[in-house]
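Remarks on the structure that follows.
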Amino acid sequence: MLKSKKYDLIVVGAGITGTFCALHALNKKKSVLLIEKDNSPFESSFRNLGHINPSGQSFAKWFDISRKSLRIYQGLQENFDLTFSKTGTCYIAKSTQELTLLHELQALFEERNYPAQLYSPADCKQLNPALITNKIFGGIHLPNEGVVDSKEMTHRLRNHLISELGLHYKHNTLVVDVEKRRGIAKIVTSQQETIWADHIILACGNQTQLLLPNHYPTELLQKCQSQIIKLSPQRTQLKNTLISGASVECFSSSQSCPSFDNSLPQDEIKLTIKQLKDGSVLLGETVRSTCIQKQSDLGFELSMEANSRLIEKAKTFIDLPAWDIESTWTNTYLEHVGDGVFSKTVDDIIHILAGMGNKSITTSPAYTQMYINQLYQ
Ligand SMILES: Cc1cc2nc3c(=O)[nH]c(=O)nc-3n(C[C@H](O)[C@H](O)[C@H](O)COP(=O)(O)OP(=O)(O)OC[C@H]3O[C@@H](n4cnc5c(N)ncnc54)[C@H](O)[C@@H]3O)c2cc1C
C-alpha cells in the first residue's frame, strides 16, 4: 500500500527533530510518513540528560524559542504522559565570582519576565538536601524549567502521533537514496521500495555520510561525543536539576553577563546533575568534538577517567549516600559550531535539518514548529 501512496511529507529519522517535525506537519493536516532505520530508534535523542533549560540559551537566538518549547512540552503533557515534569533548575555558585555571574543572570531574566530567584545556600539545600552548604555560596532557582525522561519521551510522542493524529510510521527501514524526480520528491529504501512525497525532511542526526553527504558543510558542523553516568537509585536528594562551575559558563546565556570571562579554558566536563523518578542520579557530561569527516577520531571506548572526574566534580558540592555507577554510556551528535542549526533546502523540496547539538532537547519543539510553519506558509 505504501508503494503507491504519495505523502505530503516524508520525514527521515525518528529522533526528537524528526518526530517534532512530524507533529507540527500533522497539526497542519498534512499526511506524514516517518521513517526510521532501527527497529526502535535509540540514538542521541534517547540517551541524553533530558533537561529543558531556556535559562542556558543565548538571549539573541534561542531564549524565546526555548520558552516556547517549554510551553509545547507542558501542553502535550496535559494531553498524555510525555514524561515531562516541572522540576526546576538550580545553578549553584561555588565561588564569589560565580555568585556575581548568577546575580547578573538573574537581572537578565528579570528584564525578560522569566521567573528566577536568587537563593541562599540554605534555600538551595532545602530543595536539594544533598547539597553541602559550606561548599556553596548561593544559587539561582528557575522554577519553570523541567525535565523529560529521554529514554521514553520521543517514543511516547511518536506513539501518540500514530494513534491520535494518523502518523504513518515505518521502522527497520534504512533510506538509501533521496532525489527530486519529475517535480516530486522520492526516497528509496534498502528494501528497494520507492515512496513519493511533496516534501522530504532529512532529520538524520549525526548520520551525515549517507544521504546528500556533500551538502553538509564541514566548516560549520562538528560531531560531539558525549558521555554520561547513571548512579544507582537512592532516596530523594535532589528536586532540581543542578548545574555548577564551568557548566554555567558554557551556557550561551552566561556570555551576556558583564563579568563573563571568555578567556577561561573550555573544560571537557559540563556538570549537570539530575535525579530520576526511580531515585537514580544522572551525572553529565564529558564532551569531545571533532570535524564531521573524522568521527572515528573520537574512538569508541567509554572513559573511566572521565567518569571519575565527573564524580569528583560532583563530590565538591553534593553528598550522596551512594556513588555506585549503575551504567554509563556515550553517543555522538551533530552540532553547528556557531550556536545555530543546520538547515538547507536542495531542489526546492528536499530539506536537511540537523545540528541543534546540545540544545536540541530544549529548542526542537518550537524550532521545528517555526520550520514547518515556514515550509507551509
Ligand atoms: C550522552 C548525551 C547527552 C546529551 N545531553 C544533551 C542535553 O542535556 N541537552 C540537549 O539538548 N542535548 C543533549 N544531547 C544532544 C541531543 O541528544 C541531540 O542533539 C539530539 O538528540 C539530536 O536529535 P536528532 O533527532 O537530530 O538526531 P538523532 O537522535 O540522532 O535521530 C536521528 C534518527 O535518524 C535515524 N536515521 C539516520 N539516518 C537514517 C536513514 N538513512 N534512514 C532512516 N533513518 C535514519 C537514526 O537511526 C536516528 O534514530 C546529548 C547527547 C548525548 C549523546
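What's the number of the only condition in (1) open to solvent by less than 10 Å² (accessible area, probe 1.4 Å); (2) within 12 Å of the ligand (Cβ to nearest atom); (3) of a type outside the set (D, E, K, R) that Ala197 fails to meet? Answer for Ala197: the failing condition is (2). When Tyr91 is tested against the conditions (1) within 16 Å of the ligand (Cβ to nearest atom); (2) open to solvent by 20 Å² or more (accessible area, probe 1.4 Å); (3) in a strand (DSSP E or B), the lone failure is (2). The condition of being over 18 Å from Glu43 (Cα atoms), open to solvent by 20 Å² or more (accessible area, probe 1.4 Å) and under 21 Å from the mean Cα position of the chain (by Cα) holds for only one of Lys274, Lys313, Lys270, Lys294, that being Lys270.
Working only within the stretch 334-365, note down all residues that are small (Gly, Ala, Ser) and within 20 Å of Lys180 (Cβ to Cβ). Hits for the stretch 334-365 are Ser343, Ala354. Counting residues in the stretch 79-86 that are in contact (Cβ under 8 Å) with a residue 60 or more places away in the chain, of a type in the set (A, V, I, L, M, F, W, C), more than 16 Å from the ligand (Cβ to nearest atom) and farther than 30 Å from Lys37 by Cβ gives zero. The residues on offer are Gly338, Gly355, and the sole one that is within 17 Å of the chain's Cα centre (by Cα), open to solvent by less than 50 Å² (accessible area, probe 1.4 Å) and more than 13 Å from the ligand (Cβ to nearest atom) is Gly338. Note on the stretch 113-148: residues that are open to solvent by 10 Å² or more (accessible area, probe 1.4 Å), assigned to a helix (DSSP H, G or I) and not small (Gly, Ala, Ser) total 8. Residues in the stretch 207-254 that are within 15 Å of the ligand (Cβ to nearest atom), more than 20 Å from Thr286 (Cα to Cα) and among the aliphatic types (A, V, I, L, M): Leu210, Leu211, Leu212.
Could you tell me whether Ala60 is modelled with pLDDT under 95 and either outside the structural domain of Leu242 (by TED's automatic domain parsing) or in a loop (DSSP other than H, G, I, E, B) (or both)? Yes, satisfied. Checking Gln374, Gln293 one by one, the residue that is assigned by TED's automatic domain parsing to the domain that holds Ala60, part of a helix (DSSP H, G or I) and over 30 Å from Leu101 (Cβ atoms) is Gln374 and no other. Only a single item in (1) in the same structural domain as Asp149 (by TED's automatic domain parsing); (2) open to solvent by 20 Å² or more (accessible area, probe 1.4 Å); (3) closer than 21 Å to Val281 by Cβ is not met by Arg67, and it is number (3). Filtering Asn331, Asn358 for residues that are over 14 Å from Ile201 (Cα atoms), modelled with pLDDT under 95 and in the same structural domain as Gly15 (by TED's automatic domain parsing) leaves a single hit, Asn358.
Every residue in the stretch 149-188 that is open to solvent by less than 60 Å² (accessible area, probe 1.4 Å), in contact with a strand residue (DSSP E or B) (Cβ under 6 Å, 6 or more places away or on another chain) and near the ligand (Cβ under 10 Å from one of its atoms), please. Of everything in the stretch 149-188, those that are open to solvent by less than 60 Å² (accessible area, probe 1.4 Å), in contact with a strand residue (DSSP E or B) (Cβ under 6 Å, 6 or more places away or on another chain) and near the ligand (Cβ under 10 Å from one of its atoms) turn out to be Lys170, Thr173, Val175, Val176, Val178, Ile187.
Could you go through the stretch 21-37 and let me know if any residue there is open to solvent by 10 Å² or more (accessible area, probe 1.4 Å) and on the phi > 0 side of the Ramachandran plot. Yes; the residues of the stretch 21-37 include at least one that is open to solvent by 10 Å² or more (accessible area, probe 1.4 Å) and on the phi > 0 side of the Ramachandran plot.
The values are calculated or read from the model by the stated rules, or taken from the named source; none is laboratory data. Just so we're clear, the structure is a prediction, and the values are computed from it rather than from any experiment. Here the Cβ is made from the backbone with ideal geometry for all residues, glycine too, and neighbour counts use every protein chain on show. Please note that ligands, DNA and RNA were not included when accessible areas were found on the heavy atoms of the full protein model with its side chains. Shrake-Rupley method; radii C 1.70, N 1.55, O 1.52, S 1.80 Å.
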